[in-house]
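Worksheet: the structure to be examined is printed underneath.
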Amino acid sequence: MGDRRPIELEAGWGKMQMGVAKLKRILEGEDEPQFDADLYMQLYTIIYNMCTQKPPHDYSEQLYNRYRDVFCVYINESVIPALKDHREDRLLGELHRRWNNHQVMTRWLSRFFNYLDRYYISRHSLDSLSNVGLICFRDQVYSDVKRRARDALLTLIDKEREGEKIDNMLVKNVLDIYIRVGMETMDKYENDFEKDLLVATAAYYKRKAAVWVAEDSCPDYMLKAEACLRQEEERVGNYLHISTKPKLLEQVENEVLRVYQQQLLEKENSGVSALLRDDKKEDLGRMYRLFSRISGGLDPVAAAFRKHVEADGMTLVRDADAAAAAKKDAGKKKPMAGTGDDAEQSFVRQVVALHDKYRLYVEDCFSNASLFHKALKEAFEAFCNKQIAGATMAQLMADYCNTLLKKGGAEKLGDEAIGVMLDKVIKLLAYLNDKDLFAEFYRKRLSRRLLQDKIVEHHEMQVLAQLKAQCGAQFTGKMEGMVNDLQLARDNQQAFEEWCQGQANSGSVVDITVSVLTTGYWPSYKTLDLTLPQEMIDALSQFKGYYDDKTKNRKLQWIYSLGHVTIKFTPSDSADDNRTYDLMCSSTFHAAVLLQFNEAATLKVSDIQERLTLPVEDLSRVLHSLSGTKNKILLRLGDAKGPPTINDTYKINTDFKSTMRRIKIQLPVITDDKKKVVEDVSKERTHAVDAAIVRTMKSRKRLGLTQIISEVVQQLSKMFQADVRMIKKQVESLIDREYLKRDEDNPNMFLYLA
Amino acid sequence: MMKRAKKAMGGAANRAAGGSSALFEQYCDPATDEIGPEGVERFCSDINTDPSDRKVLLLAWKMRAKRMGFFSREEFQSGLTALKATTTAQIQRALPGLEEQVECNPDSFRDFCTFAFKYCLTEPSQKLIDIDTAVTMLAIVMPREPLMPRFCDFLKEQTEYKVINFDQWTSFLRFAQEVKPDLSNYRDEDAWPILLDNFVEWGRRNADRPIDFT
């Protein structure tokens with residue numbers, strides 16, 4: 001047992017020094033055996049005793065200071081000299097070695113002096129033993145060598161950028177020193193290394209980019225840019241601290257992308273427009289990926305995209321316009337609306353194709369970004385509201401839909417393809433300002449299809465459903481009413497026929513099929529007061545009898561121009577020639593005219609006109625269709641040429657022959673008066689604006705003009721783009737009609753007058 | 001008895017009314033008990049004023065006359081009472097005061113302009129006055145307003161509006177007060193009637209045209 005006398009400082013210290021010396025020899029790589037458990041315990045115990053001795057033999061403070069001194073001395077003696085003359089790789093290697101040593105040293109020494117950590121250090125809130133070691137290293141080694149080390153590191157990184165292979169682990173390990181000497185913070189790493197790294201990186205890429213932008217095409221440049229970014233990311237993963245990543249990439253993005261963005265995009269043969277022109281989807285995708293990294297980087301790309309799409313669209317417009325004009329000049333008669341062959345119709349098809357093409361771009365290249373959807377929308381809105389040969393896009397779309405929807409209108413497409421095409425065309429409606437104009441044209445075409453029974457029901461319903469979803473129920477209200485009317489008419493007809501059975505004179509009256517149309521839903525038709533032959537009058541009044549029976553207080557207005565009649569025609573008088581033909585006449589007028597000839601074989605036009613009370617121009621058209629075309633049912637007397645006039649005389653063509661039993665007699669269809677449709681829509685708009693203003697003012701009571709305008713425009717946006725001036729005019733009109741008045745206290749505000 | 005009491009009570013008023021009443025009877029048409037065009041002419045000559053003079057309109061305004069060219073007994077007498085005048089001489093002396101009132105007091109001027117418009121409405125349900133009437137009236141009502149001649153030129157030239165409504169009339173009054181003669185401070189986001197927006201457009205297009213003061 002040892003005596004209980006306290007260990008004197010120097011004595012104890014002497015023993016420690018021996019341990020320290022041993023440690024140093026190990027660190028210097030000399031041939032020295034490792035510490036064994038016994039020695040370790042001895043050293044530990046010396047410290048323990050010297051710290052637990054009663055004062056004045058409690059040497060904690062001295063030991064603590066001397067512990068620090070051990071490091072300082074060793075560093076001065078061995079470490080600093082070792083690092084002194086090295087440069088670059090050698091420096092880094094030696095630094096790394098010395099750092100490792102230092103850690104070993106700290107580990108061992110702090111174990112020996114461990115007791116200090118437990119009580120003395122915590123009681124006096126001093127740096128822990130390992131921190132003491134670290135601080136010594138930091139203040140003596142690190143501060144001396146940091147600049148040289150940094151330069152060495154940057155040189156290595158530069159070499160690696162130029163393609164040389166460097167020792168990644170070494171760099172990582174040295175950077176670890178920078179991180180560790182910062183203790184709780186990243187200050188040392190950031191200030192002594194990272195800052196300069198970022199500057200060097202910027203300078204490096206500035207140089208490179210300047211050369212690339214002068215020599216390379218845009219796609220090639222972008223490939224290089226992408227490669228650089230990838231490389232720098234790898235670099236971070238290999239040896240830099242993760243927090244450096246965004247800062248580093250920012251430098252690269254700035255020098256490589258932001259600085260030269262405009263130049264790149266505008267490159268003559270390889271910039272954005274060229275890429276779009278040449279369908280370089282992969283390059284465009286890369287462009288999107290790269291420029292989405294910088295804030296606002298995509299705006300010029302989207303703008304270029306919009307410009308390009310708009311230009312393509314305008315080209316379509318101009319070409320179609322020119323083609324239509326050329327045809328007109330060549331004197332060819334314009335084909336009937338809806339044949340699908342003329343330039344206007346193919347224009348709609350081309351617009352659909354254009355839309356498909358560029359929508360795909362947005363999805364594939366531009367990652368479905370809303371910025372590009374917006375650009376696409378704006379481009380289409382710009383050219384979809386232009387006119388082709390005086391016809392609005394609204395009309396062309398309605399005509400094209402008519403071609404697709406008409407039975408037999410687009411046979412070569414096939415059922416499913418028609419459905420798909422309809423869907424696409426209706427989607428284009430979103431770009432139209434004059435949606436209500438489209439609705440009006442569509443309604444007119446729909447009525448003709450319905451009345452001529454040329455509908456394919458599932459397509460019609462598909463379109464109506466789509467219109468309703470896109471534009472609201474108000475948009476399709478009338479159209480649905482029309483379809484409904486005809487469905488009811490079918491049911492009604494059956495009921496009518498059953499009712500007829502029960503009537504006394506059934507069998508003597510001519511067969512008649514009636515469709516009752518609700519006035520508000522259908523386009524307005526010219527009504528003529530036609531004096532019908534008696535047989536027809538009887539039929540009509542029979543239906544009227546049925547209808548009055550069934551309903552109350554309803555007035556029937558007959559539209560003869562829409563009726564069809566089948567007439568049995570026996571041209572010859574002679575008994576042995578009893579050929580008869582069925583004349584399928586496309587209007588009731590034909591019947592009325594022809595039946596006149598039952599009473600007299602020859603008739604003057606003036607007589608016919610008097611008896612039928614038909615206006616001359618309508619009568620003229622009917623007569624022409626019966627005598628001036630392929631099937632001459634009637635013959636004109638004399639040699640007159642040109643359209644029938646009031647002074648002509650007609651007779652039955654008793655020599656009429658045809659190989660067909662059933663003969664179609666058509667009245668030429670008058671193409672819709674475009675001007676009238678536009679006028680009607682214009683009137684509707686005035687009402688709609690009035691209603692919107694009143695609706696708004698009723699709920700808000702008091703509003704300024706600009707607010708009224710913005711409310712109204714928004715409310716009506718589904719139907720049409722309301723014109724500011726028109727709204728203002730209606731406001732004034734409503735003031736006149738005393739729905740509104742100007743606020744006396746603030747003349748820019750308007751009040752609702754209940 | 002009653003009659004006499006009444007006469008005594010209304011003495012003071014009657015004394016004044018007596019004056020204006022007597023004056024009224026000098027010009028009125030006994031059949032209708034109101035001063036008609038012929039009487040108006042004589043009256044104007046007695047106060048040394050031309051019937052088309054602005055002062056006559058001012059008088060009508062003071063009287064709150066309802067029908068152009070006619071003064072009822074009540075209108076005539078209440079007007080004279082307001083002027084504190086019973087003789088033509090007194091009336092004549094009061095006229096400059098009337099002009100000054102309208103010149104210096106913006107509320108009175110506004111009231112006068114409003115009256116002028118309504119005074120032109122001849123039919124009971126009429127709400128609009130035609131361009132010629134408007135132009136004439138504007139010249140009488142605001143002869144010294146720098147914008148007035150140009151506005152009148154414009155009204156005569158433009159074809160969009162054939163009649164003027166009350167809102168347009170009062171808005172022009174406000175326009176003349178707020179907007180500079182060179183139209184420089186006109187703001188199109190203000191809710192001026194379209195007529196005035198058109199005027200500004202026309203005015204800017206014809207800025208160098210000499211003003212027709214006839």
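Projected area of region A:544-597, taken from the Cα convex hull and averaged over every viewing direction, in nm²?
Numbers: hull surface 21.3 nm².
Projected over every direction and averaged, the Cα hull of region A:544-597 covers 5.3 nm².
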* Can you list the trypsin sites (Lys or Arg not before Pro) in region A:684-751 that are in a DSSP coil and have 15 or fewer other beta carbons within 10 angstrom? -> A:LYS701, A:LYS718, A:ARG737
* Considering every residue in B:185-193, what mean count of other chain Cβ atoms within 10 Å of its Cβ is obtained? -> 4
* Asked: How large, in Å, is region A:161-257 by the Kirkwood hydrodynamic radius built from its alpha-carbon pairs?
  -> 14.4
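Pairs of alpha-carbon atoms within less than 8 angstrom and 6+ residues apart define the contacts here; what relative contact order does region A:598-754 have, in percent?
On the way: 150 pairs, mean separation 27.0, N = 157.
Over region A:598-754, the number comes to 17 percent.
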* With runs of 4+ DSSP H residues as the only contributors, calculate the mean residue ellipticity of chain B at 222 nm using -39,500 (n - 2.57) per run, divided by the residue total and rounded to the nearest 500. => -19500 deg cm²/dmol
* Asked: Rg (Å, one decimal) plus Dmax (Å, integer) for the alpha carbons of region A:346-434?
  -> 14.0, 41
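How well do other chains shield peptide A:556-569, expressed as the mean number of their Cβ atoms within 10 Å of each residue Cβ?
Details: counts 0, 0, 0, 0, 0, 0, 0, 0, 0, 0, 0, 0, 0, 0.
Average neighbour count from other chains, rounded to a whole number: 0.
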* Asked: In degrees between 0 and 90, to the nearest 10, how far off the longest principal axis of chain A does helix A:473-501 point, with axes built from Cα atoms?
  -> 40
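Apply the a/c threshold of 1.5 to the C-alpha gyration tensor of region A:21-79 and tell me whether it is rounded, prolate or oblate. Spell out each step's value before the answer.
Values: a/c = 5.26, a/b = 1.46, b/c = 3.61.
It comes out oblate by the Cα gyration axes.
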* **Positive dipole terminus of region A:526-659, leading residue within A:SER572, A:ALA640, A:HIS624 (C-beta point charges)** => A:HIS624
* Asked: Which value in nm describes the separation of the simple spin-label points at A:GLU32 and A:ALA11, placed 7 Å from the Cα toward the beta carbon?
  -> 2.5
* What are the radius of gyration and Dmax of the protein assembly as shown, computed over its Cα atoms and given in Å? -> 50.8, 163
* Asked: With solvent modelled as a 1.4 Å probe, how much accessible area in total do chains A and B shield from it at their shared surface, in Å² to the nearest 100?
  -> 1200
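Place the peptides A:118-130, B:135-147 in order of packing, highest mean first, counting for every residue the other Cβ atoms within 10 Å and averaging per peptide.
Details: A:118-130: 13.5, B:135-147: 16.6.
The most tightly packed comes first, giving B:135-147, A:118-130.
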* Structure fact -> Charge tally for neighbours of A:LEU175 with beta carbon under 11 Å away, counting Lys, Arg as +1 and Asp, Glu as -1, is +1
* Under 17 Å Cα to Cα from A:LYS159, which lysines show up? Leave out anything in the same chain fewer than 8 places away. => A:LYS172, A:LYS206, A:LYS208
* Gap in Å between the Cα centre of region B:114-165 and the Cα centre of region A:580-615? -> 61
* To do: Could you please report the charge total around B:PRO181, scoring K, R as +1 and D, E as -1 over all other residues with beta-carbon less than 10 angstrom from its beta-carbon?
  => 0
* Measure nothing fancy, just the Cα-based angle from helix A:343-364's long axis to the longest principal axis of chain A, in degrees from 0 to 90, nearest 10. => 20
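Report, in listed order, any pair from A:LYS478/A:LYS729; A:LYS374/A:LYS435; A:LYS84/A:LYS165; B:LYS118/B:LYS162; A:LYS327/A:LYS454; A:LYS478/A:LYS526 with a Cα-Cα distance greater than 24 Å. Walk me through the numbers on the way to the answer.
Values: A:LYS478/A:LYS729 28 Å; A:LYS374/A:LYS435 19 Å; A:LYS84/A:LYS165 26 Å; B:LYS118/B:LYS162 17 Å; A:LYS327/A:LYS454 29 Å; A:LYS478/A:LYS526 19 Å.
Over 24 Å Cα-Cα: A:LYS478/A:LYS729; A:LYS84/A:LYS165; A:LYS327/A:LYS454.
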* In whole angstrom, note down how far apart the Cα centers of region A:66-135 and region A:388-447 are. => 85
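Leaving ligands, DNA and RNA out of it, report the carbon-plus-sulfur percent of the accessible area of region B:15-76 at a 1.4 Å probe. Spell out each step's value before the answer.
Details: 1640 of 3200 Å².
On region B:15-76, the fraction of accessible area on carbon and sulfur atoms equals 51 percent.
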* Taking the dipole about the Cα centre of chain B, with the C-beta of Lys and Arg at +1 and of Asp and Glu at -1, give me whichever of B:LEU128, B:PRO210, B:PRO181 is farthest to the positive side. => B:LEU128
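What is the magnitude of the charge dipole of the protein assembly as shown about its Cα centre, with +1 placed on the Cβ of each Lys and Arg, -1 on the Cβ of each Asp and Glu, and no other charges, expressed in debye to the nearest 20?
On the way: 140 positive and 145 negative charges, 253 e Å.
Its charge dipole is roughly 1220 debye.
Can you list which of the GluC sites (Glu not before Pro) found in region B:163-214 are DSSP loop residues with at most 12 other C-beta atoms within 10 Å? Intermediate values should be presented prior to the final figure.
On the way: sites: B:GLU178, B:GLU189, B:GLU201; in loops: B:GLU189.
Answer by residue number: B:GLU189.
Tell me the mean residue ellipticity at 222 nm calculated for chain A from its helices only (DSSP H runs of n ≥ 4, each -39500 (n - 2.57), averaged over every residue, nearest 500).
Working: 31 runs with 458 residues, N = 754.
Helix contribution divided over all residues of chain A: -20000 deg cm²/dmol.
For region A:34-149, take the convex hull of the Cα atoms, compute a quarter of its surface area, and give me that in nm², please. Provide the component values of the computation, followed by the final result.
On the way: hull surface 31.5 nm².
Mean projected area of the Cα convex hull: 7.9 nm².
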* Calculate how steeply helix B:73-83 sits against the longest principal axis of the alpha-carbon atoms of chain B, using the helix alpha-carbon long axis, and give the answer as 0 to 90 degrees to the nearest 10. => 80
* So what's the net charge close to A:TYR64: Lys and Arg +1, Asp and Glu -1, counting the other residues with Cβ under 12 Å from its Cβ? -> -2
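So if R0 is 56 Å, what FRET efficiency would A:LYS568 and A:SER346 give, r being the distance between their Cβ atoms, rounded to the nearest 0.05? Show your work: numbers first, answer last.
Values: r = 43 Å, r/R0 = 0.78.
According to the calculation, E is roughly 0.80.
What ratio of Cα Rg to 2.2 N^0.38 Å holds for region A:594-669?
Values: Rg = 12.1 Å, N = 76, 2.2 N^0.38 = 11.4 Å.
With N residues counted in region A:594-669, Rg over 2.2 N^0.38 Å equals 1.06.
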* **Partner chain coverage, peptide A:741-749 - average Cβ within 10 angstrom** => 3
* To do: For A:MET726 paired with A:LYS657, estimate the spin-label separation in nm (one decimal), with each label point 7 Å from Cα along the Cα-to-Cβ line.
  => 6.1
* Asked: From the Cα gyration tensor of region B:12-130, with a ≥ b ≥ c the square roots of its eigenvalues, which class applies: rounded if a/c is under 1.5, or else prolate if a/b is larger than b/c, or else oblate?
  -> oblate
* Structure fact -> Rounded to whole angstrom, the alpha-carbon centroid of region A:6-48 lies from that of region A:349-369 at a distance of 79
* Binned at 10 Å from 0, what are the whole-percent values of the Cα-Cα distance distribution for region B:89-181, short to long? -> 14, 47, 29, 9, 1
* chain A - percent relative contact order, Cα under 8 Å, separation 6 or more -> 6
* With a Förster radius of 56 Å, plug the Cβ-Cβ distance of A:ALA326 and A:LYS741 into 1/(1 + (r/R0)^6) and report the FRET value to the nearest 0.05. => 0.50
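Of all the Cα-Cα pairs you can form in region A:382-476, what percent are over 16 Å apart? Let's see the in-between values first.
Details: 2345 of 4465 pairs.
In whole percent, the share of Cα-Cα pairs in region A:382-476 beyond 16 Å is 53.
Let me check I have the definition right: for chain B, take the eigenvalues of the Cα gyration tensor, multiply each by 5, take square roots. What are those semi-axes in whole Å, largest first?
Working: eigenvalues 317, 56, 49 Å².
Ellipsoid semi-axes (Å, largest first): 40, 17, 16.
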* Structure fact -> Taking the dipole of chain A about the Cα centre (Lys, Arg +1; Asp, Glu -1; charges at Cβ), the one of A:LEU134, A:LEU705, A:MET719 that reaches farthest to the positive side is A:LEU705
* Which residues' amide hydrogens lie under 5 Å from the amide hydrogen of A:MET749, considering only partners 5 or more residues apart or on another chain, with H built in the peptide plane? -> A:ASP743
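The values are calculated or read from the model by the stated rules, or taken from the named source; none is laboratory data. Treat the numbers as computed from the prediction; the structure is a model and nothing was measured. Reconstructed Cβ throughout: ideal geometry from the backbone, glycine too, with neighbour counts over all protein chains shown. Note: accessible area is taken over every heavy atom of the protein model, side chains too, but ligands, DNA and RNA are not part of it. Shrake-Rupley method; radii C 1.70, N 1.55, O 1.52, S 1.80 Å.
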